[in-house]
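The values are calculated or read from the model by the stated rules, or taken from the named source; none is laboratory data. Because the structure is predicted, anything quoted here is derived from the model rather than measured. Cβ coordinates were reconstructed from backbone atoms using ideal geometry, including for glycine residues, and neighbour counts include every protein chain displayed. What goes into the accessible areas is simple: the full protein's heavy atoms, side chains included, and nothing from ligands, DNA or RNA. Shrake-Rupley method; radii C 1.70, N 1.55, O 1.52, S 1.80 Å.
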Amino acid sequence: MSSISDNLTQLRGQLPPEVLLVAVSKTKPLEDLQTAYDAGQRDFGENRVQEMAEKHAALPQDIRWHMIGHVQTNKIKDFVSWVHLVHGVDRLKVLEVLQAEAAKAGRTVDALLQVHIAQEETKFGFSSEELIPLLTRSALQAYPNVRIRGLMGMASFTPNQQQVAREFAELRALFLAGKEQLGLDYLDTLSMGMSGDWPVAVANGSTLIRVGSALFGSR
Ligand SMILES: *Cc1c(COP(=O)(O)O)cnc(C)c1O
């Protein structure tokens, strides 16, 4: 049963120290999260608001919760006061409601803009054409309670590692262009890489990987 902590140790051993590991615990029971917590893991990712809220209430309060999924805007109020980072800001409506709810809660929420880099139509996110005008100081001024820390993306689900590398490199190029355009030093997070492709993501400049099944087993 300690295979979760073994998996963590092994993964941390392979990961450059500057890359943050978010343990994706969706569908997994509280005991599994507690095991990872006891092995030192503090960043956890969930893709459903209700599940994240239940786990947040039940587990140690120093856990940093990452909302990595597609967000229904009417649920934002359920996590806005305690979420650590919202990865899935994939459309303007999410940004607008996040702004309104964060202001109401009297805090500034860290968030990532999700970019559609995969070939699959099913994945969410801004296109690069939509993203570039948004990554300006004047555009972001409309959202003073949302601090955009960077970008998030998911590569195509394909065994073609060259294609995956190309998609991650494209996301990194957008990130660097945005950093230059904005000149904001807190733009420091590039969330890309999962169990099947994190080494390719790290080789292409990822600063944060979201790993589920390689830690907790298949879902
Ligand atoms: C489920 C999920 C992950 C983790 O996937 P694994 O393949 O289990 O590592 C990462 N990112 C997002 C957005 C997810 O929904």
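Of note:
- Screening the chain for whole DSSP H helices of 15 Å or more along their axis (Cα) with average Kyte-Doolittle hydropathy at least -0.5 returns 92-105, 161-182.
- Cα gyration tensor, segment 70-123 - rounded (a/c under 1.5), prolate or oblate: prolate
- Rolling a 1.4 angstrom probe over segment 41-96 with all protein chains present gives an accessible area of which 45% lies on carbon and sulfur atoms.
- Exposed GluC sites (Glu not before Pro) absent - longest run of the chain, DSSP non-H/G/I/E/B, at most 14 other C-beta within 10 Å: 19-119
- Modelled FRET efficiency - R0 45 Å, Glu54 with Gln161, Cβ distances, 0.05 increments: 0.75
- Note on the chain: Cα Rg divided by 2.2 N^0.38 Å, N the number of residues, gives 0.98.
- Amide H partners (placed H, <5 Å) of Val146, local residues excluded: Val109
- Gained length - Asn74 relative to Gln14, 0.36 nm times residue gap less alpha-carbon distance: 17.7 nm
- The portion of the accessible surface of segment 110-198 made up by carbon and sulfur, rounded to a whole percent, is 53 (1.4 Å probe; DNA, RNA and ligands excluded).
- Overall form of segment 20-82 per C-alpha gyration tensor (a/c, 1.5; a/b vs b/c): prolate
- Counted residue by residue at 0.36 nm each, then reduced by the alpha carbon distance between them, the extension gain from Asp188 to Ala173 reaches 4.1 nm.
- Accessible surface calculations at 1.4 Å, restricted to protein heavy atoms, place the chain at 47 Å² per residue.
- Per-residue Karplus couplings for segment 192-208, computed as 6.51 cos²θ - 1.76 cosθ + 1.60 with θ equal to phi - 60°, are listed in order as 8, x, 10, 3, x, 9, 4, x, 5, 5, 5, 5, 9, x, 4, 10, 8 Hz, Gly and Pro entered as x.
- For the chain, share of DSSP beta bridges that run antiparallel, in % to the nearest 5: 0 percent
- Karplus-derived 3J(HN,Hα), 6.51/-1.76/1.60, for each residue of segment 210-218, Hz, glycine and proline x: 10, 10, x, 4, 5, 9, 9, x, 6
- Counting heavy atoms of the protein chains alone, Thr207 has an accessible area of about 40 Å² for a 1.4 Å probe.
- Once the chain from Arg42 to Thr136 is taken as fully extended at 0.36 nm per residue, the excess over their C-alpha distance is 30.6 nm.
- Here's how it looks for Asp43: its modeled amide H is under 5 Å from those of Ala23, Arg64, which are all 5 or more places away or on a different chain.
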